1. Consider LEU318 carefully, then state whether it is open to solvent by 10 Å² or more (accessible area, probe 1.4 Å), modelled with pLDDT of 95 or more, within 16 Å of the ligand (Cβ to nearest atom) and within 18 Å of the chain's Cα centre (by Cα).
2. Please state which one of PHE260, PHE205, PHE238 is over 30 Å from LEU310 (Cβ atoms) and within 16 Å of the ligand (Cβ to nearest atom).
3. Which residues, counting only those in segment 236-270, are aliphatic (A, V, I, L, M) and in contact with a Leu (Cβ under 9 Å, 6 or more places away or on another chain)?
4. Of all residues being crowded, with 16+ Cβ neighbours inside 10 Å and in contact (Cβ under 8 Å) with a residue 60 or more places away in the chain in segment 35-49, which is farthest from LEU111 (Cα to Cα)? Just the residue, please.
5. Quick one: what pairs do we get from segment 245-257, first residue in contact (Cβ under 8 Å) with a residue 12 or more places away in the chain and within 7 Å of the ligand (Cβ to nearest atom), second assigned to a helix (DSSP H, G or I) and open to solvent by 10 Å² or more (accessible area, probe 1.4 Å), C-beta under 7 Å, 6+ apart or different chains?
6. Somewhere in segment 99-116, is a residue surrounded by fewer than 21 Cβ atoms within 10 Å (Cβ to Cβ), assigned to a strand (DSSP E or B) and over 19 Å from the mean Cα position of the chain (by Cα)?
7. Mind counting the residues in segment 209-220 that are surrounded by 15 or more Cβ atoms within 10 Å (Cβ to Cβ) and within 15 Å of the ligand (Cβ to nearest atom)?
8. So in segment 117-143, with the set limited to residues that are in a loop (DSSP other than H, G, I, E, B), touching a helix residue (DSSP H, G or I) at 6+ places or on another chain (Cβ under 9 Å) and away from the ligand (no atom under 15 Å from the Cβ), which one is nearest to GLY159 (Cα to Cα)?
Amino acid sequence: MRRISLTQYLVEQQRDRGQIPPPLRLLIETVARACKRIAISVNKGALGDVLGTADTENVQGEVQKKLDVIANEVLIEANVWGGHLAAMASEELDTISLVPDRYPQGEYLLLFDPLDGSSNIDVNVSIGTIFSVLRKVTNHRGVDESDFLQPGKQQVAAGYCVYGPQTTLVLTVGDGVVMFTLDRETGSWVLTEDDVQIPADTKEFAINMSNMRHWAPPVRKYIDECLAGKEGPRGKDFNMRWVASMVADVHRILTRGGIFMYPWDQREPNKPGKLRLMYEANPMAFIVEQAGGAATNGLQRILDIGPTKLHERVSVVLGSKNEVERVTAYHREAAAS
Ligand code: P6P
């Protein structure tokens, strides 16, 4: 595999494959550069004033970590002046962030969870930045929240950066999934995987088992069968992983297969799930499907869901295709009974 830089990969996607126009290449390079800046802050840990909580809450009512605020500011400041964006949306912002009139406006809408997995920051476990790119398709003047409310299948790019033992950028522009590892000596993103494929089968599931008593029957049935092992109906033993950092769990699945589930549970029956559709589930679903996997909310393909609110939540079942299809079949059986 050619160890090319992110820039060379994007230029080839633009020039040779006609896959992405120049402003989208600029957008992705800008987000990647912002992720490098975030990685520096994350890696400082206790040596920098970046751990612990800020004295603020986000729109979700969650107490913000200092790094949540830092990552959010880095992404906004990096992208606001480039002329490639119409507006931005962030898990950390109540409403969308418009591009000030002093800067040129572009046609892209950038959405992000600036630092996902915040509960892991202070305990030195992998966390990440998730981003999604839509095109502003409405021709009304200006930009408002309604411009963002597009189904995930409209995404033109998506990716995440995992801040772990390696700092790795994972990206799709709709032409498969590639991975770049940050070379800290040169500061370059270097291509380290050029055709990510998720195995259709797996023996590894990821779910927060402490919520078991709250799950709907189809989820309980699926997990019980996994736990029954080779003596049970699946005829094989399963392993379990749960990092409680979606980026880390999804990265493992892209690397060796698996199924990730954060399903609806009865603790908050009026909420479809914990994770957010627009800037967590949609980008991860785009990446997983581009790598040959599947992603549903239990019943419906995530990328087909028509959003009604910017911060709406969704149930998530994603990863190895045959396992996701099994869970979806159990949900459909339950819905039909
Ligand atoms: P729990 C992190 O806060 C997050 O949004 C995802 O990254 C992760 O998969 C999930 O929540 C973990 O949730 O309830 O297990 O702490």
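1. no
2. Unique residue meeting the criteria: PHE205.
3. MET240, MET246, VAL250, ILE253, ILE259, MET261
4. Checked segment 35-49; the qualifying residue farthest from LEU111 (Cα to Cα) is VAL42.
5. What qualifies is SER245/ASN120.
6. No, segment 99-116 contains no residue that is surrounded by fewer than 21 Cβ atoms within 10 Å (Cβ to Cβ), assigned to a strand (DSSP E or B) and over 19 Å from the mean Cα position of the chain (by Cα).
7. Count: 4.
8. Across segment 117-143, the extreme among qualifying residues is LYS136.
The values are calculated or read from the model by the stated rules, or taken from the named source; none is laboratory data. This one's a predicted model, so the numbers in the text were calculated from it and none came from an experiment. Don't worry about glycine lacking a Cβ; one is built from the backbone with ideal geometry, like all the others, and counts go over all protein chains shown. To get the accessible areas, we keep the full protein, side chains included, count just its heavy atoms, and leave off ligands, DNA and RNA. Shrake-Rupley method; radii C 1.70, N 1.55, O 1.52, S 1.80 Å.
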